[in-house]
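The structure follows.
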Amino acid sequence: ATAFSGALVSAGAQAADLTIGFSQIGSESGWRAAETTVSKAEAKKRNINFKIADAQQKQENQIKAIRSFIAQGVDAIFLAPVVSTGWDSVLKEAKEANIPVVLLDRDIDPSGKDLYLTAVTSDSVHEGRVAGQWLVKTVGAKPCNVVELQGTVGASVAANRKKGFEEGIASAPNVKIVRSQTGDFTRAKGKEVMESFIKAEGGGKNICAVYAHNDDMMVGAIQAMKEAGLKPGSDVLTVSIDAVPDIFKAMAAGEANTTVELTPNMAGPAFDAIIAYKAKGTVPPKWIQTESKLYTAADNPQAVYDSKKGLGY
Ligand code: GZL
């Protein structure tokens with residue numbers, strides 16, 4: 001009994017002794033704000049000393065934060081990489097300092113795969129594909145001009161969600177992307193770019209659908225469409241990703257159609273992987289994949305909104 005309880009204590013103690021630094025991108029979207037809130041709660045549950053550095057969406061600030069965590073001698077570093085390139089030297093420094101790195105919610109280029117222990121992300125190509133397939137199913141044979149609001153230039157999820165969506169609509173020649181531009185994952189930029197799309201498309205009458213790489217840009221786009229006298233959710237179909245509360249509020253108002261859910265809890269699985277790695281040398285799989293789920297306006301959006309409100313979005 002002593003040995004057994006001893007083992008438990010040491011594992012618990014192990015987590016209590018762990019200090020982990022998180023280089024977080026910023027709070028550009030409701031989803032990312034929720035990821036930060038949830039990660040703090042997950043750290044608390046596991047008695048982990050958790051330090052979060054907010055980079056205001058700038059890679060150089062993320063690199064500085066990683067260097068500071070290395071200097072502090074943390075036990076592990078979590079990184080949500082704002083873009084997928086430019087990490088080699090700083091991650092090599094972490095490797096030389098024997099500090100394991102875990103990627104959260106975005107990837108770095110495959111050339112850097114030896115520079116991190118594991119990545120906890122969704123399958124963002126699949127998310128885009130599911131979005132495209134929903135649109136094809138919904139419009140049938142009707143010609144459908146789509147405008148696309150892309151995520152941050154250079155972010156793995158933006159490239160993947162674009163690729164997946166194009167795969168999803170490839171089978172329907174009547175569904176075409178006529179305009180595509182980055183809205184940097186923010187509401188403000190999403191609104192601004194949508195305004196320019198509406199202007200460029202003669203007031204937007206021939207825009208059949210908007211595909212946004214996240215719900216926050218779509219919330220901005222919905223604002224722009226309403227101000228231009230268009231009817232998002234009916235005349236103009238909307239499909240986006242994240243499943244934040246405000247997209248369900250729009251659905252309940254008949255102003256949005258579909259979202260693909262992304263869990264904000266990437267840190268929980270990351271903590272568990274690091275605790276097992278530190279306590280027992282268990283090497284995790286290179287990719288810990290989180291699930292995605294399609295929601296439409298038929299899925300009782302008000303109830304979903306109520307259930308998600310207060311989770312830190
Ligand atoms: C996706 C994540 C994206 C979210 C956006 O895993 O990196 O970043 O979809 C956020 O809301 O800006």
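Values quoted throughout were computed directly from the atomic coordinates according to the rules given, and no laboratory measurement underlies them. Bear in mind that the values here come from a model prediction, so they are computed numbers and not experimental data. Backbone-built Cβ (ideal geometry, glycine too); neighbour counts: all protein chains shown.
Using the beta-carbon distance between Lys40 and Val178 and R0 = 30 Å, what value does 1/(1 + (r/R0)^6) give for FRET efficiency, to the nearest 0.05?
0.10
Order of Glu60, Glu261, Glu167, Glu127 from fewest to most other C-beta atoms within 10 Å?
The most exposed by this proxy come first: Glu60, Glu167, Glu261, Glu127.
Same structure again: Tell me the relative contact order for segment 23-152 as a rounded percent, counting alpha carbon contacts under 8 Å between residues six or more apart.
19 percent
List the pairs from Lys191/Lys226; Lys226/Lys308; Lys64/Lys280; Lys51/Lys278; Lys64/Lys189 whose alpha-carbon separation is above 20 Å, in the order I gave them.
The pairs that break the limit, which is 20 Å between Cα atoms, are Lys226/Lys308; Lys64/Lys280; Lys64/Lys189.
As a check on your grasp of the helix formula, calculate [θ] at 222 nm for the chain: sum -39500 (n - 2.57) over DSSP H runs of n ≥ 4, divide by the residue count, round to the nearest 500.
Calculated mean residue ellipticity at 222 nm is -14500 deg cm²/dmol.
If you rank Ser124, Ser84 by fewest surrounding Cβ atoms within 10 Å, what's the result?
Lowest to highest Cβ neighbour count: Ser84, Ser124.
Taking Cα pairs under 8 Å and at least six residues apart, what relative contact order does the chain come out at, in percent?
Over the chain, the number comes to 18 percent.
Given points 7 Å out from each Cα along the Cα-Cβ axis, report the Thr85 to Lys142 separation in nanometres with one decimal.
Simple spin-label model gives 4.1 nm for this pair.
For segment 110-253, calculate the relative contact order in percent as a whole number, restricting contacts to Cα pairs under 8 Å that are 6 or more residues apart.
Computed value for segment 110-253: 24 percent relative contact order.
To continue, here is another question. Nearest-5 percent of antiparallel DSSP beta bridges in the chain?
10 percent
Quick one: if you stick a label point 7 Å off each Cα along the C-beta vector at Thr19 and Lys293, how many nm between them?
Each label point is offset 7 Å from its Cα along the Cβ direction, giving 3.9 nm.
What is the distance, in nm, between label points placed 7 Å from the Cα along the Cα-to-Cβ direction at Glu167 and at Glu93?
Label at Glu167, label at Glu93, 3.6 nm between them.
May I ask you to list the trypsin sites (Lys or Arg not before Pro) in segment 180-217 that are in a DSSP loop and have at most 16 other Cβ atoms within 10 Å of their Cβ?
Answer in residue order: Lys205.
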